Structures are given as C-alpha cells and as structure tokens.
C-alpha cells in the first residue's frame, strides 16, 4: 500500500503537468500524511540538507566547464581535429561525430550540452554531404549520450552522492563502458553508411592534420589533467570540476581568445540556470529518500525481488528492464534520484558491487535520454536540426539498440567493467 501511495502520488502529479521537483515534494507529502508524520519543519529540513553536500559542488563547475567549452571554441577545435583525421573516409562525418562526442564527454559530462554543440556543428555538414537527415540526427543523439558515462560525469556525481558510493571509482569505471558505447554505434554507422551514396571530401594533408592537432591540443589537455589528477590523487572529483572550469576559462579567454568579458556573464547565467534545476531536483528528492527509508519501502522491494535474489545476473537483468521502462517516461536526474534509494539496499543484499551497478544504472539512464517520448537529447537534436521528433526517434533506433546490447553484455560479463576499474584505480 505504501509503495502504491508513493508511486500513485508521483504519477498523478506528473500527469497534471507538475514539474518533477514539485512532483517529488508532493509524493513526499502524500507519504508523510499516510504515515501520519507530516511536519513542515521536517520537510524544509530535508530539502535544505538535500543540497548541502560538498561533492555536489562538482555539478555547477562541470556545467560551467561545458558552457565555456562550447562558447569558447574548445568543442569546435575538437570537431575540426576529428574531421582532419577521418572526415575523408566513407561515412567519415559520422565517425567524426562519434570521436568528437567521446572527446567532448571527457570535458563536460553533460549530454545535452555536448549534443547541442555536435548537432549545431555537424548536422548541417552531414546533410549537405548527402546523409539522410533523420539518421544523421539519430547518430548525433546516440553519440551525445556517451557524455554521462565517460568521466567526468554529472550523472555519476549525483548517483555517488545519493548512493554513498565513491565518485572517483565511478569515474574510472565508466571509461571502458563509455568507449564501448561509442564503438557500438560506430559499427552500426559503418554498416549504414556503406549503403549511402555520399560525396567524400578530399583527405587532409599531413600538414593540415598537424595544424588541427596543434589547434586542439589545449582542449585535449583538459581530460588528461582531470583523469591523471584523479588517478594519482592530486584532487578529488569536486576539486577536479573546479580545475576543469578554470582550465577551460583560461584556454577560451587567453589561448583561443574566443570568449570575452561580455560573453562571460551569459555563460555564467546559463550554467547557473541548468545547475539550479539539477540542485532543486536533488533537494526535493531527499524528502522522498528520507520517507522511503522511514516507510521501509526498500524492504518491500527486496521482498518483491526475492525470486531473483539467488542469481545476481538475473536480478540485474530485471532491474535494467525496469529502468529501461522508467526511462521512456522520465528524465535522467529524476530517475537517478527516485530509484537509487530504492534499489541500493537490493543491490547490497544481493552482493553486487555498488560501483559496477552504478555504471550499468547510469548507462541505462543515459540511453533513456534518447528513448521517446520524453528523451531530452532527442528534443535537443530535433530543435537544433529543425526536425520532427518522430523522425529523429526513427533515426536513433538502430544506434539505441546497439547501446542496449552493450549494456546487457556488461550485465553478463562484469569483468569488462571491473578489470579496467581495478587497473585504473589501484
């Protein structure tokens, strides 16, 4: 009954168009009334405590780094480097999108920001070259969602705080799965592009390649600094976010000189707006998280999943299918914040490594960003490319299936995640 009241109140609030953060507060109040625990002071206290977290300081700084990267010319130079390297090959612009997405993912960790930049820079070029617009948009969307998996990842930061799991370990564990996501869509694109009759541009000369590499070198230095710093313990993930923002600001203003003081105000405001949405969601979710614990909902979920408890693999398959279904109707951050406090006790009781589960969980939620009807990344591509959402959804389908296959391979073979993690983190 408790689970039904919580879920029913949440769905009812969402059905009438209430913003997710307010829907979480509404479902929390409904649960408090059911438990005869309503107290406005407890409600306010949990909201305040929800955002009062040092690791969450990484969110605004990574968002700021992403905004600076796009406005300050870092993204553009990474795309130009990828074009110089593989743009002349069959389907080359598609491979450019994938390579650029992986590199940009290591700069910002924001799927929406990366996808918007890629769509604005590459979609017109791909259409002009003769690629099907819907398919090209689908590829860019599926490439953009690599950002929450390759570190630094805002999704990992929020999950790490909500689940009390090491964010540094999550970052290191996400590298190989993120690259595999990129490889999977590259294989699909290679098969698709072979059937298209597209004019190929001339290959770049060795001098042009070196020049593009020189131009992009400062941008490429950012992920190296962040990953090396985390690996050798020079700074924490939160401090890494500050380093990323300051470095991106220095490169954009001093080295590339594409960001001036007038533009800087707009960049800070944009990053602040996006951060405020995420932080309010986190704060509101803490009310529900506290009540979920008080109402003993995790134990009720454990009882429901007991038939799967004997097999961690079967349990993970069931959970991944559940998250896939939720991902079609809910955005990434609310899904993380709602399901994490419910699922973590189940994961711990089943003896599944929380870091390993976190990678699978975030990957599933990232793919949910391109699953209709809610998929926010689909909406970004449709908006930037001035396309119908249905067309982008059809174009993304083969790439989305490939990424789901990778996810379930990781479920069946945990060593793909754990072996690189043990190597990188030790």
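At-a-glance table
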read-out	value
Flag for residue 116 being surrounded by fewer than 23 Cβ atoms within 10 Å (Cβ to Cβ), closer than 30 Å to residue 51 by Cα and touching a residue at least 24 places away in the same chain (Cβ under 8 Å)	yes
Among (1) in contact with a helix residue (DSSP H, G or I) (Cβ under 9 Å, 6 or more places away or on another chain); (2) at pLDDT below 90; (3) in a loop (DSSP other than H, G, I, E, B), the one test that residue 123 misses	(3)
Yes/no for residue 372 being outside any helix (DSSP H, G or I) and either touching a strand residue (DSSP E or B) at 6+ places or on another chain (Cβ under 6 Å) or over 25 Å from residue 165 (Cβ atoms) (or both)	yes
Subset of the range 346-386 [touching a residue at least 60 places away in the same chain (Cβ under 8 Å) and farther than 18 Å from residue 110 by Cα]	353, 354, 355, 356, 385
Filtered residue count, the range 303-325, keeping only those that are modelled with pLDDT under 85, surrounded by fewer than 17 Cβ atoms within 10 Å (Cβ to Cβ) and either out of contact with any helix residue (DSSP H, G or I) (no Cβ under 7 Å at 6 or more places or on another chain) or assigned to a helix (DSSP H, G or I) (or both)	6
Only one of 96, 79, 47 that is assigned to a helix (DSSP H, G or I) and either surrounded by fewer than 24 Cβ atoms within 10 Å (Cβ to Cβ) or more than 21 Å from the chain's Cα centre (by Cα) (or both)	47
Single unsatisfied condition, residue 107 versus (1) within 25 Å of the chain's Cα centre (by Cα); (2) assigned to a helix (DSSP H, G or I)	(2)
Test set (1) part of a helix (DSSP H, G or I); (2) closer than 17 Å to residue 111 by Cα; (3) under 18 Å from the mean Cα position of the chain (by Cα) - residue 392 fails condition number	(3)
Residue match in the range 378-400 (condition: under 24 Å from residue 414 (Cβ atoms) and touching a helix residue (DSSP H, G or I) at 6+ places or on another chain (Cβ under 7 Å))	yes
Lone unmet requirement of (1) part of a helix (DSSP H, G or I); (2) surrounded by 14 or more Cβ atoms within 10 Å (Cβ to Cβ); (3) touching a residue at least 40 places away in the same chain (Cβ under 8 Å) for residue 246	(3)
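One line per residue, one yes/no per condition, for (1) exposed (fewer than 14 other Cβ atoms within 10 Å of the Cβ); (2) touching a strand residue (DSSP E or B) at 6+ places or on another chain (Cβ under 7 Å); (3) without any contact (Cβ under 8 Å) to a residue 12 or more places away in the chain; (4) part of a helix (DSSP H, G or I):
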| position | (1), (2), (3), (4) |
| --- | --- |
| 230 | no, no, no, yes |
| 234 | yes, no, yes, no |
| 240 | no, no, no, yes |
| 263 | no, no, no, yes |
| 269 | yes, no, yes, yes |
| 278 | no, no, no, yes |
| 281 | no, no, no, yes |
| 284 | no, no, no, yes |
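The values are calculated or read from the model by the stated rules, or taken from the named source; none is laboratory data. Keep in mind that this is a model prediction, so the values were computed, not measured. Note: ideal-geometry Cβ built from the backbone for every residue, glycine included; neighbour counts use all protein chains shown.
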